[in-house]
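> Just passing along the structure, written as structure tokens.
The values are calculated or read from the model by the stated rules, or taken from the named source; none is laboratory data. Everything quoted here is computed from the prediction, not taken from an experiment. Neighbour counts run over all protein chains shown; Cβ positions are idealised from the backbone, glycine included. With ligands, DNA and RNA removed, areas are computed over all heavy atoms of the protein, side chains included. Shrake-Rupley method; radii C 1.70, N 1.55, O 1.52, S 1.80 Å.
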Amino acid sequence: MIKQISRQIKKIESKEKKGAYGQWRREFCAQYVPLLDRIRKNTHTSLGEALAKTGERITCQKGCTHCCFHYVAVSLAHGVVIVDYLYENKGLLKQFLNNYGRWHHRGYDVANSIDQIRLQSLSSQVPVDRVIADTRPLSGRYLDMNIQCPFLMDNRCYIYDVRPLACSGHYAVSPPDWCSPTEQQRPTIHHLVPNDTDLIDIVQLSDPRLTLYELSLPFMIKKLLTAGSAVMMNEITQYNF
């Protein structure tokens, strides 16, 4: 099965890199990655300045992977960049494929339920508080199932350089052990979002729908690898957001 999927991915990669679309894709990734780095630095600096006033500090440490068991969504735009990174690092692509089957078996159904609620909210303008209320129990169930992200290996994220903003904007300021789902103490977590300027810049890189359309990280990457971003861009035209 892996060999068959690998052949399919090679065909898709070839199509993705050809012609005018391939040129657009290369230019898009070349602009997105530096902007991604800028956003991370800006959010990290902003949090650091805020914590300095309270005497707190970021306690996240290398090798601490508690947050790598949460449901994480990624935009189509960011997914294209992650896939481009995998194209350039075939060993990591192979590792993802090896891990994906286990994730799909355990996590796909719950993740897909969350995805569908979020997508329906975009096309029908459901209030944000309703979306949160509907997805929070599912996100909690996902975490309780202890489903490891398929990009986690040897206690490290192997797409760390291009990891989703949901991951790079997730900081603990309480003892790292408190983040464990078995710990009775509740951790203090800061969820950071880019500032207005950074958000506008990243949206303006392409069709805004590429940034608004999100799926669970593993499924988005698998779909991009096996169907291609061009196909998925055509799919999002059905949504009225």
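> Looking at the stretch 110-120, which of its residues are open to solvent by less than 20 Å² (accessible area, probe 1.4 Å) and small (Gly, Ala, Ser)? Spell out how you get there, then give the answer.
Taking the stretch 110-120 as the starting set, the residues that turn out to be open to solvent by less than 20 Å² (accessible area, probe 1.4 Å) are 110-111, 114-115, 119.
Within the stretch 110-120, just 111 meets the criteria.
> Of all the residues that make up the stretch 37-59, how many are part of a loop (DSSP other than H, G, I, E, B) and crowded, with 16+ Cβ neighbours inside 10 Å?
Residues in the stretch 37-59 being part of a loop (DSSP other than H, G, I, E, B) and crowded, with 16+ Cβ neighbours inside 10 Å: 1 in total.
> For the stretch 158-191, what are the residues that are aliphatic (A, V, I, L, M) and crowded, with 19+ Cβ neighbours inside 10 Å?
159, 162, 165, 166, 172
> Give the stretch 219-234 a look and list any residue that's open to solvent by less than 10 Å² (accessible area, probe 1.4 Å) and either over 19 Å from residue 82 (Cα atoms) or not polar (S, T, N, Q) (or both), or say none.
Listed by number, the residues that qualify are 220, 221, 224, 225, 228, 232.
> In the set 197, 237, 211, which member is among the polar types (S, T, N, Q), surrounded by 15 or more Cβ atoms within 10 Å (Cβ to Cβ) and not in a loop (DSSP other than H, G, I, E, B)?
Within the list 197, 237, 211, the selection yields 211.
> Please determine, by comparing only the residues of the stretch 210-231 that are more than 21 Å from residue 109 (Cβ to Cβ) and touching a residue at least 40 places away in the same chain (Cβ under 8 Å), which one is farthest from the chain's Cα centre (by Cα).
230
> While we're on this one: Which one of the conditions (1) more than 28 Å from residue 200 (Cα to Cα); (2) part of a helix (DSSP H, G or I); (3) touching a Pro at 6+ places or on another chain (Cβ under 7 Å) does residue 13 fail to meet, given that it meets all the rest?
Evaluating residue 13 over (1) more than 28 Å from residue 200 (Cα to Cα); (2) part of a helix (DSSP H, G or I); (3) touching a Pro at 6+ places or on another chain (Cβ under 7 Å) leaves (3) as the failure.
> Within the stretch 79-89, is there a residue that is touching a strand residue (DSSP E or B) at 6+ places or on another chain (Cβ under 9 Å), polar (S, T, N, Q) and open to solvent by less than 70 Å² (accessible area, probe 1.4 Å)?
no
> Here's something else I'd like to know. What helices (runs of 4 or more DSSP H) completely inside the stretch 90-186 contain at least 2 residues that are in contact with a helix residue (DSSP H, G or I) (Cβ under 6 Å, 6 or more places away or on another chain)? Walk me through it before giving the result.
Details: elements: 90-124, 128-144, 165-168.
Helices (runs of 4 or more DSSP H) meeting the threshold: 90-124, 128-144.
> In this structure, does residue 118 turn out to be free of Cβ contacts under 8 Å to residues at least 40 places away in the same chain and of a type in the set (Lys, Arg)?
Spelling it out, it is not the case that residue 118 is free of Cβ contacts under 8 Å to residues at least 40 places away in the same chain and of a type in the set (Lys, Arg).
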